[in-house]
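Each remark here refers to the structure printed beneath this line.
The values are calculated or read from the model by the stated rules, or taken from the named source; none is laboratory data. What you see is a predicted model, and the numbers here were worked out from it, not measured in a lab. Here the Cβ positions follow ideal geometry from the backbone for every residue, glycine too, while neighbour counts run over all protein chains shown.
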Amino acid sequence: MAELAGSFEQYGAWRDTLARAIVQFRRWLQENKLLDAEASRRIGLALDRLAEDKLVVAVVAEFSRGKSELINAIFFADCGRRILPTSAGRTTMCPTELMYDESLPPCIRALPIETRARAGGTAEFRKTADEWRTYPVDASSAEGMLEAFKLVSETVRVSAEEARLYGLFDPDEPDHQDAVDADGTVEISRWRHAVINFPHPLLRQGLVVLDTPGLNAIGAEPELTLSLVPSAHAVLFVLAADTGLTKSDLEMWRHLVRDSGASEHHIAVLNKIDGLWDGLKTDEQIDVEVQRQVDLVSQRLALSRSRVFAVSAQKGLLAKLQDDQALLAASRLPALENALVDTMLPAKQEIIRSRALSLVGRVGEEVRQTLAVRERGLVEQLYEMRSLQGKNQGSVGRMLLRAQRESAEFEKVARKAVATRFVLGKIAAQALAPLKREALRESATRARERMHKAWLPTAFAPIIGEYFDGLRDDIRQSNARIAEMHKMMVGVQASFAQELGWSLTPPMAFSIDSYLAEVDRLQEAARAQFATFAVLTRGKWGLIERFLETVVARSRDIFVAAERDVEAWIGSLLPPVEAQVREQRATLVRRAESVQKIRDAQESLEGRIGELDEALQAVRQKIESLKQQLDGMRAADGGAERKPAALAASRPAAGDRPLISAEELGLVRQRVSA
Ligand SMILES: Nc1nc2c(ncn2[C@@H]2O[C@H](COP(=O)(O)OP(=O)(O)OP(=O)(O)O)[C@@H](O)[C@H]2O)c(=O)[nH]1
Ligand SMILES: [Mg+2]
């Protein structure tokens, strides 16, 4: 526990320090009048991403393998007792999330099972509080918590017909018949989903633990299969040494874990190894037996041996409660905990780096450019003014003409930025159109109608296949427009570079290919799921409907996320160029004004040179201070060793490289003396 808690704490601290450094950077930008709306939006987004950062561990298994006990032992032993109910037989009846949202008091929110008869997945219901029942939890008392948490075991008896309506009973399924009582009722979970909100230190750090019920309940909840489990950062699949690997264990492994995506998040746990401690076998014999079983599990699941852990959750919990180090070692829980930390934290840290820090790094780079333009303008002016020292009125007049001409020429080039905005807007609309909800709704309706007409489950596969092909087409279409916009921006920047000598950072490379992979993953999970509907029975239609609904809801999530990313990317294209235009324009206007004043003897040349000198010093100070801000953020990210790509990329800019190169200064000289 200490190890695990320590690692999470470190991670949380890393995130907090980073957030503070970003806030500090934003304040600095604001104080220095360098924060425009687009930069502010991006920094806000980065901070939101840090604040929303969650680490999700899903625990999946057939009933009674020890999922809840394992959660108690790994995460909540410091509560001083077992908090999630565990017992022989079916205990956890509904998917249960443990998390902490500080905007709510400690409580359990539960979604009644009756909602299953209505349209909408759990995700849909999650958006409103209306349907959920809320029960307060006294977080200061372990007794109180245990009592409250028993809610996840609650069941009700309903008629077989009602159970069928919820997709929890199939009259045509032979396996289901045993469940019907003499009076024609079936026992089902009272809740569809439960969310436990309590202020445990690990949950405060953003950990979310998902406890799940066994196969019967799970197979009927598409939300789990298609959304909650695939999006978890680690999935613990639990087997019990006493039951071995049964047919339904294997089925769950395949449908819920293996087919749900990235295997590097998967960990298999062989629980209850204490059953082998019979007091007769030696430690060596036990070890040999454990290794044999681990090998077997690894083979049968086709999962690397290093991803299989044999433990005793119960003895691990007991050891922690009694602070018995020898028993803890025997439970082998610490090795599993380390693997869990290694599976989740580094990957997560990388994601946060690339998603949050790259945004801020980019802002830093753009501000650096703006300051560089400002510095360069001042250097040019100073050079000009100094060249006027000791010259006659005629030279001043010629310089005024030149300044005015350059200003006018600049405006011609700057008009390109305006034209670009117009064309870009058009392509942007084309890039976003395929990702809109309406387009998605149409293809979902088409798929549903065709499935209804088809009746035969064998006809489903091609219909579902076409639905997903359609999604991929949409994403590709959008991607093609994105590539077009990228090319266009590169062209615009090249012309600015050629005509004005600007060096702008190329537009951020961007594509929504990652969403293609998500669509593939969803299709894989859906395919596996639909394949289980080999025989179409009355009870299954509702289930199929629900699955389709969840598939559509998940694809909508993917498209919404893609649309948001595309919008943000498009929004980031022009502002840096426009900021440079504004900066340059201001410099040119100021320069013409000041030459005019000198000509009209309203300002002394020496006075102006003094002013420019001061302004130049001020800009250089800002550049230095920007470098310190960026260094501060790098330090917050963990020093020089492991730098995120985005900040590493902006490093030479902020650091050692002179902001104006010798060549650039050479260029200035040429122009002035021309
Ligand atoms: N001997 C032994 N028993 C264990 C161990 N872990 C759990 N159990 C027991 O196995 C039974 C089931 O444990 P739970 O944690 O309720 O199992 P679950 O997987 O959550 O089961 P459901 O909630 O019904 O899906 C309980 O009686 C536990 O005490 C273990 O490591 N060793
Ligand atoms: Mg349980």
Residues of the stretch 265-289 that turn out to be in contact (Cβ under 8 Å) with a residue 40 or more places away in the chain, within 16 Å of ligand 1 (Cβ to nearest atom) and surrounded by 14 or more Cβ atoms within 10 Å (Cβ to Cβ), as a count: 8
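Going by the conditions given, is Arg590 farther than 21 Å from Ile43 by Cα, at pLDDT below 90 and of a type in the set (Lys, Arg)?
Numbers: farther than 21 Å from Ile43 by Cα: yes; at pLDDT below 90: yes; of a type in the set (Lys, Arg): yes.
Judged against the criteria, Arg590 is a match.
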Wholly enclosed helices (runs of 4 or more DSSP H) of the stretch 435-550 bearing at least 3 residues among the basic types (Lys, Arg): 437-454, 460-500
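Might you check whether a residue that is more than 30 Å from Leu301 (Cα to Cα) and within 16 Å of ligand 2 (Cβ to nearest atom) occurs anywhere in the stretch 42-64? Explain how you work it out, then say what you get.
At the first step, the residues of the stretch 42-64 found to be more than 30 Å from Leu301 (Cα to Cα) are 42-53.
Add one more test, that the residue is within 16 Å of ligand 2 (Cβ to nearest atom), and what stays is none.
No; the residues of the stretch 42-64 include none that is more than 30 Å from Leu301 (Cα to Cα) and within 16 Å of ligand 2 (Cβ to nearest atom).
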All positions within the stretch 197-222 that are modelled with pLDDT of 80 or more and away from ligand 2 (no atom under 13 Å from the Cβ): Asn197, Phe198, Pro199, His200, Pro201, Leu202, Leu203, Arg204, Gln205, Gly206, Leu207, Val208
Single condition Ser87 does not satisfy, out of (1) assigned by TED's automatic domain parsing to the domain that holds Leu203; (2) away from ligand 2 (no atom under 16 Å from the Cβ); (3) surrounded by fewer than 19 Cβ atoms within 10 Å (Cβ to Cβ): (2)
Qualifying position, being charged (D, E, K, R) and either touching a Gly at 6+ places or on another chain (Cβ under 9 Å) or within 16 Å of ligand 1 (Cβ to nearest atom) (or both), among Arg42, Arg109, Arg27, Arg49: Arg42
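Among the listed residues Ala319, Ala313, which satisfies the condition of being out of contact with any Phe, Trp or Tyr (no Cβ under 7 Å at 6 or more places or on another chain), over 28 Å from Arg634 (Cβ atoms) and within 16 Å of ligand 2 (Cβ to nearest atom)?
Numbers: Ala319 fails: within 16 Å of ligand 2 (Cβ to nearest atom).
On inspection, the qualifying residue turns out to be Ala313.
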Selected residue [surrounded by fewer than 23 Cβ atoms within 10 Å (Cβ to Cβ), away from ligand 1 (no atom under 15 Å from the Cβ) and either of a type in the set (Gly, Ala, Ser) or closer than 30 Å to Asp170 by Cβ (or both)] from Ala262, Ala240: Ala262
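Only one of these is assigned to a helix (DSSP H, G or I), away from ligand 1 (no atom under 16 Å from the Cβ) and either under 26 Å from Asn197 (Cα atoms) or within 26 Å of the chain's Cα centre (by Cα) (or both): Ile71, Ile22. Name it. It would help to see each step written out before you state the result.
Working: Ile71 fails: away from ligand 1 (no atom under 16 Å from the Cβ).
The match here is Ile22.
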Flag if Asp36 is out of contact with any His (no Cβ under 6 Å at 6 or more places or on another chain) and either surrounded by 16 or more Cβ atoms within 10 Å (Cβ to Cβ) or aromatic (Phe, Trp, Tyr) (or both): yes
Test: residue in the stretch 12-25 that is surrounded by 19 or more Cβ atoms within 10 Å (Cβ to Cβ) and farther than 29 Å from Val577 by Cα: yes
Condition met for Gly655 (surrounded by fewer than 16 Cβ atoms within 10 Å (Cβ to Cβ), at pLDDT below 85 and more than 40 Å from the chain's Cα centre (by Cα)): no
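Quick one: which of Glu187, Glu173, Glu131 is over 25 Å from Thr86 (Cβ atoms) and over 37 Å from the mean Cα position of the chain (by Cα)? Please lay out each step first, then the result.
On the way: Glu187 fails: over 25 Å from Thr86 (Cβ atoms); Glu131 fails: over 37 Å from the mean Cα position of the chain (by Cα).
Among Glu187, Glu173, Glu131, only Glu173 is over 25 Å from Thr86 (Cβ atoms) and over 37 Å from the mean Cα position of the chain (by Cα).
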Helices (runs of 4 or more DSSP H) contained entirely in the stretch 245-333, each with at least 3 residues that are modelled with pLDDT of 95 or more: 283-301, 313-322, 325-331
Criterion (more than 21 Å from Asp53 (Cβ to Cβ) and free of Cβ contacts under 8 Å to residues at least 60 places away in the same chain) met by exactly one of Leu401, Leu388, Leu371: Leu401
Breaking point among (1) closer than 30 Å to Glu549 by Cα; (2) in contact (Cβ under 8 Å) with a residue 12 or more places away in the chain; (3) more than 16 Å from ligand 2 (Cβ to nearest atom); (4) of a type in the set (Asp, Glu), for Glu97: (3)
Among the residues listed as Leu146, Leu168, Leu104, the single one being within 16 Å of ligand 2 (Cβ to nearest atom) and either buried (at least 18 other Cβ atoms within 10 Å of the Cβ) or touching a residue at least 24 places away in the same chain (Cβ under 8 Å) (or both): Leu146
Flag for Thr96 being touching a Leu at 6+ places or on another chain (Cβ under 9 Å), among the β-branched types (Val, Ile, Thr) and either within 13 Å of ligand 1 (Cβ to nearest atom) or not assigned by TED's automatic domain parsing to the domain that holds Glu223 (or both): yes
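Conditions tested, residue by residue: (1) touching a strand residue (DSSP E or B) at 6+ places or on another chain (Cβ under 6 Å); (2) more than 16 Å from ligand 1 (Cβ to nearest atom); (3) without any contact (Cβ under 8 Å) to a residue 60 or more places away in the chain; (4) at negative phi.
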| position | (1), (2), (3), (4) |
| --- | --- |
| Gly80 | no, yes, no, no |
| Thr92 | yes, no, no, yes |
| Pro136 | yes, yes, yes, yes |
| Val152 | yes, no, no, yes |
| Pro174 | no, yes, yes, yes |
| Glu187 | yes, no, yes, yes |
Top-ranked residue in the stretch 156-188 [being within 16 Å of Cys94 (Cα to Cα) and not aliphatic (A, V, I, L, M); ranked as modelled with the highest pLDDT]: Arg157
Residue in the stretch 238-261 that is of a type in the set (Phe, Trp, Tyr), in contact with a helix residue (DSSP H, G or I) (Cβ under 9 Å, 6 or more places away or on another chain) and in contact (Cβ under 8 Å) with a residue 60 or more places away in the chain present: no
Residue within the stretch 350-367 that is of a type outside the set (A, V, I, L, M, F, W, C) and closer than 18 Å to Ala232 by Cα present: yes
